[in-house]
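Since the structure comes first, as structure tokens, the remarks are kept for the end.
Read the figures in this text as sums done on the coordinates, not as results from a lab. Just so we're clear, the structure is a prediction, and the values are computed from it rather than from any experiment. Methodologically, a virtual Cβ is constructed for each residue, glycine included, from the backbone with ideal geometry; neighbour enumeration extends over all protein chains shown.
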Amino acid sequence: MLRLLKIEWNKIFYYKATRTFTILYFLILVVIGVILGNIKPEIGGIKLNIAKLGTFDFPEIWQNITYLVAIAKIFIAVIIITNITNEYSNRTLKQNLIDGMSKKEFLSSKVMVNVIFALLSSVFVFGIALVLGKIFSSSGENPMKNVEFVVYYFLKLNLFFSICLFLAIWLRKTAFAFLGLIVLWMGEGAITLVEVLTRAWIGTGLENINPEAFNYTSYLPLNVSSNLIKAPRINPEGFVMGGTIFGIRETEISYVIAALIYMLIFTGLSYWLLKKRDL
Amino acid sequence: MENVLEIKNLTKKFGRLTAVNDLSFSVEKGNVYGLLGPNGSGKSTTLGMILNVINPTEGSWYWFGKKSDVESLKRIGAIIEHPNFYPYLSAEKNLEITAMIKGAPFSKIEEKLEIVGLLERKKDKFRTFSLGMKQRLAIAAAMLNDPEVLILDEPTNGLDPQGIISIRNIIQKIAAGGTTIILASHLLDEVEKVCSHVVILEKGKTLYSGRVDEMSASFGYFEVAAANNEILLNALHEISGFEKISNEGTHLKAILNRDMASEDLNRTLFEKGIVLNHLVKRKESLETQFLQITQNKN
């Protein structure tokens, strides 16, 4: 296993582009944390202090931060996808196999890279949220309450990366893999919309759609990813009362299970493609 | 003799196209084998299958007497088509990856770079290399684990004469060390120069498999001319020992079906009152033999 990681290290770290993006990614995570603690935007003449809105209060901070920084995962998606598509365009996958690496080893090394990126990101995010919370939290809650959002974040990244892995192996070209991601994203959006509208039309009527209602389409891969960490609940009354405006929205266990199943499916499909295809 | 590789009834179909058709042959230890055939005859597909990158439709093969597995590949060094490396990595980093895959010690890297003459360039990125240097690096990579078998697919393709000579020298040096070599090529000349055995492929079928020097039982042919070729032609027909006599314009070509010395032919014709102004005895080149074999089977 260590051998496979060392091989991947050579492939990723000694490539200037991926090295730069990796470093940049972790810097961005830290910078987001620093900026969040310091910006005081002015909206309509009223100075808003993000830190004072209860953004960084335990336990809400765990959801707020993991929800916010999840977008940065696209950086790692670029690295993961190019790292794999390069193996096709440089024909090094073929050479690796000829040199005696098995297809299983090849896939494991790529999966390990995904897990490590997800793990490092989670550690960073955990650290940032903890520090921000220690500085700004005024709630007096136990800091470790709702820390499971970091675990959801870890899962969310792994799910997303396994989708990237599959698309990269399937489509073999960087541009197409990203196009695949966009198609999946828009496709899921369209299907979700159809379901929501149809249900409303049959049931409650189009004018009063219940956003909390159950939808099968919530279990499509990217929807599962966004449902792992939902947008924090915002209640303006809380703010008026002088407290926090954010509230925790729990993640249902069914999304955790769905994420794990999808990860298995995408990794399995990747392996099947590798096995089946001639190089 | 110990068989390093045994291929049995190997077949590969790409849709309707049969790239390799029921191919069987075996490779003995210590010999240099040529896999000869025109472009598209199934050479690379065959090598791809025995190297685990192409899934066979049917058939089986055995490396070192065992059903192929990843471990046996680590005892083989192979270069397929053109050199495949990470363009953004230095020669050294690239070889580190190969060494880690094959389980060879890093100390081999310098040693092999030295052999192919790339030691001074080890810190340079692969993409800055010329084709000849890339090909040499590929040989260094293939030699990293001191393989028992070396597989080369068109190793001199696209190289300049100097590059070709340098690659051939390296191959001959490796062969002299007792390494079994399988060399795929469409260049007969190359196979003739380097190989002891040859397997000729065409459209995925084996046409010939055996020693290079036993490839053709041909005795060669004469090129003759006289003042009057008509009379010469008639005279040649009276002499036994020719398989075919044809008029090539300025001279006649008489293909032998038994051994005959030039002086014997000259004497016989002189006795018949014909004086030759041109007499050459030739052996078919491997190229013509190859064409003959290909044509006979069609």
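Data for the structure
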{"item": "Equivalent ellipsoid dimensions for the range B:75-201 as semi-axes, Å, which come from the Cα gyration tensor, largest first", "result": "23, 16, 12"}
{"item": "Gyration tensor (alpha-carbon) shape descriptor, the range A:122-279, a/c threshold 1.5", "result": "oblate"}
{"item": "Normalised alpha carbon radius of gyration of the protein assembly as shown [divisor 2.2 N^0.38 Å]", "result": "1.42"}
{"item": "Amide H contacts of residue B:90 (H built 1.01 Å from N, under 5 Å, at least 5 apart or other chain)", "result": "B:126"}
{"item": "Helical contribution to [θ] at 222 nm, DSSP H n ≥ 4, -39,500 (n - 2.57), averaged over chain A, rounded to 500", "result": "-23500 deg cm²/dmol"}
{"item": "5 angstrom amide H check on residue B:209, placed H, neighbours 5+ away", "result": "B:200"}
{"item": "Ellipsoid semi-axes in whole angstrom, largest first, where each is sqrt(5λ) of the Cα gyration tensor of chain B", "result": "46, 23, 16"}
{"item": "Ranked packing of A:272-278, B:199-205, B:232-238, most packed first, by mean Cβ within 10 Å", "result": "B:199-205, B:232-238, A:272-278"}
{"item": "222 nm mean residue ellipticity, helices alone, for chain B (DSSP H n ≥ 4; -39,500 (n - 2.57); rounded to 500)", "result": "-10000 deg cm²/dmol"}
{"item": "Extreme residue, positive dipole direction of chain A, given options A:261, A:231, A:139 (C-beta unit charges)", "result": "A:261"}
{"item": "Dipole magnitude (debye, nearest 20) for chain A, charges at Cβ of Lys, Arg, Asp, Glu", "result": "1260"}
{"item": "Shape call, the range B:126-177: gyration tensor on alpha carbons, a/c limit 1.5", "result": "oblate"}
{"item": "Angstrom value of the Kirkwood radius, inverse mean 1/r, which spans all Cα pairs in chain A", "result": "20.7"}
{"item": "Charge-dipole axis of chain B as Lys and Arg at +1 and Asp and Glu at -1 on Cβ define it, positive-most pick from B:119, B:290, B:246", "result": "B:119"}
{"item": "Karplus 3J(HN,Hα) series, Hz, for the range A:119-131 with 6.51 cos²θ - 1.76 cosθ + 1.60 (x for Gly, Pro)", "result": "5, 4, 4, 5, 4, 4, 5, 4, x, 4, 5, 5, 5"}
{"item": "DSSP bridge orientation in the protein assembly as shown - percent antiparallel, rounded to nearest 5", "result": "70"}
{"item": "Between the range B:144-186 and the range A:17-42, the alpha-carbon center distance in angstrom", "result": "52"}
{"item": "HN-Hα J in Hz across the range B:124-133 - Karplus 6.51, -1.76, 1.60, θ = phi - 60°, x for Gly and Pro", "result": "7, 5, 4, 5, 8, 7, 6, 4, x, 5"}
{"item": "Helix A:60-69 axis, angle to chain A major axis (alpha carbon atoms, nearest 10°)", "result": "40"}
{"item": "With Cα atoms, 0 to 90° folded angle of helix B:229-238 axis to chain B main axis", "result": "80"}
{"item": "DSSP bridge orientation in chain B - percent antiparallel, rounded to nearest 5", "result": "65"}
{"item": "Within the range B:89-243, percent of DSSP bridges classed antiparallel, to nearest 5", "result": "60"}
{"item": "Spatial separation of Cα centroids for the range A:50-80 and the range A:101-148, in angstrom", "result": "11"}
{"item": "Karplus 3J(HN,Hα) series, Hz, for the range A:84-99 with 6.51 cos²θ - 1.76 cosθ + 1.60 (x for Gly, Pro)", "result": "7, 5, 4, 5, 7, 5, 8, 6, 6, 4, 4, 5, 4, 5, 4, 6"}
{"item": "Among B:139, B:196, B:175 - extreme Cα towards positive end, dipole of the range B:127-227, charges at beta-carbon", "result": "B:139"}
{"item": "Volume in Å³ per residue [convex hull over Cα atoms, computed for the range B:2-52]", "result": "77"}
{"item": "Within the range B:1-77: Cβ-based charge dipole about Cα centre, in debye rounded to nearest 20 (Lys, Arg +1; Asp, Glu -1)", "result": "200"}
